[in-house]
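*Asks:* I am attaching a structure below and will ask some questions about it afterwards.
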Amino acid sequence: MTTVRIAHAEAHFDPGPDGTTAARRILVVLADDPGRRAMGLWLPARQAMGLWQIPGRRPRDSQPPRPERHVPPGDLPVGEFTVADLASRLLGAAGAAVTGVDIDELGPGVLAAQIGVAGPAGIRQVTAPPGSALALAAALEVPVRVADALMDRLAVPVTGGDAVVGAVRSVLTVGGRSIAQ
């Protein structure tokens, strides 16, 4: 497995059958910085919309303090509260934590993610759609790994200054190597 970082997530707007334009897919770029390569994944917007919004978010420890609000004990905190926050609280209440996300293929062109969960019963793997698993990994700041064979086949070399821009350009060009779901 190759450890990668979520380098870029970008919504692509396409016309629908009724003529309206909407974000129907998200381009996600995973960068292998030590290997100087990156790969692009086209994911359905419904699966990866949360991911598109996360990479620009500040790390949890650097969030500015929220102003105190008077809420009854036990109520949810006021302000930004995401599904990932809820997942983190639920896992914490059960004495478990997400340890990482592994991306691999189930078959030709069919991706799946395994979310590692460590808890009282040991380490378990939970299968999930790649976009949802990557959004969770980004929100919880856990490692993301891609199967070596998948990286070897789909990654493009990245040279020069901005790895993300180079990877996005190579994926967007006709004939660029990416997996479309």
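*Asks:* Hey, does the range 83-100 have a residue that's of a type in the set (V, I, T), in a helix (DSSP H, G or I) and either modelled with pLDDT under 90 or more than 18 Å from E10 (Cβ to Cβ) (or both)?
*Replies:* To start, the set of residues in the range 83-100 that are of a type in the set (V, I, T) comprises 83, 98-99.
The next check asks that each one be in a helix (DSSP H, G or I); those that pass are 83.
Pick out the ones that are also either modelled with pLDDT under 90 or more than 18 Å from E10 (Cβ to Cβ) (or both) and you get 83.
Within the range 83-100, one or more residues are of a type in the set (V, I, T), in a helix (DSSP H, G or I) and either modelled with pLDDT under 90 or more than 18 Å from E10 (Cβ to Cβ) (or both).
*Asks:* I've got another one for you. Is there a residue being part of a loop (DSSP other than H, G, I, E, B), surrounded by 10 or more Cβ atoms within 10 Å (Cβ to Cβ), modelled with pLDDT of 80 or more and among the aliphatic types (A, V, I, L, M) anywhere in the range 1-21?
*Replies:* Yes; the residues of the range 1-21 include at least one that is part of a loop (DSSP other than H, G, I, E, B), surrounded by 10 or more Cβ atoms within 10 Å (Cβ to Cβ), modelled with pLDDT of 80 or more and among the aliphatic types (A, V, I, L, M).
*Asks:* Search the range 1-29 for residues that are over 19 Å from D102 (Cβ atoms) and free of Cβ contacts under 8 Å to residues at least 60 places away in the same chain and pair each with any residue that is of a type in the set (S, T, Y) and in a strand (DSSP E or B) when their beta-carbon atoms are under 8 Å apart and the residues are at least 6 apart or on different chains.
*Replies:* F13/T21; D14/T21; P15/T21
*Asks:* Give me the residue from the range 152-162 that is modelled with pLDDT under 90 and in a helix (DSSP H, G or I) and, out of that set, surrounded by the fewest Cβ atoms within 10 Å (Cβ to Cβ).
*Replies:* For the range 152-162, the residue satisfying everything is R153.
*Asks:* Condition check: part of a strand (DSSP E or B), at pLDDT below 85 and among the basic types (K, R). Does R24 satisfy that? Break it down into steps so the answer makes sense when it comes.
*Replies:* On the way: part of a strand (DSSP E or B): yes; at pLDDT below 85: yes; among the basic types (K, R): yes.
Considered against the rule, which asks whether it is part of a strand (DSSP E or B), at pLDDT below 85 and among the basic types (K, R), R24 comes out as yes.
*Asks:* Filter the range 117-151 down to the residues that are part of a strand (DSSP E or B) and surrounded by fewer than 18 Cβ atoms within 10 Å (Cβ to Cβ) and list them by number. Talk me through it step by step, then tell me what you get.
*Replies:* Step one: filter the range 117-151 for residues part of a strand (DSSP E or B), giving 117-119, 122-128, 144-146.
Passing the criteria: A118, G119, G122, I123, R124, Q125, V126, T127, A128.
The values are calculated or read from the model by the stated rules, or taken from the named source; none is laboratory data. Owing to the predicted nature of the structure, the values given are computational and were not obtained by experimental measurement. Heads up, the Cβs are rebuilt from the backbone with ideal geometry, glycines too, and the neighbour counts pull from every protein chain shown.
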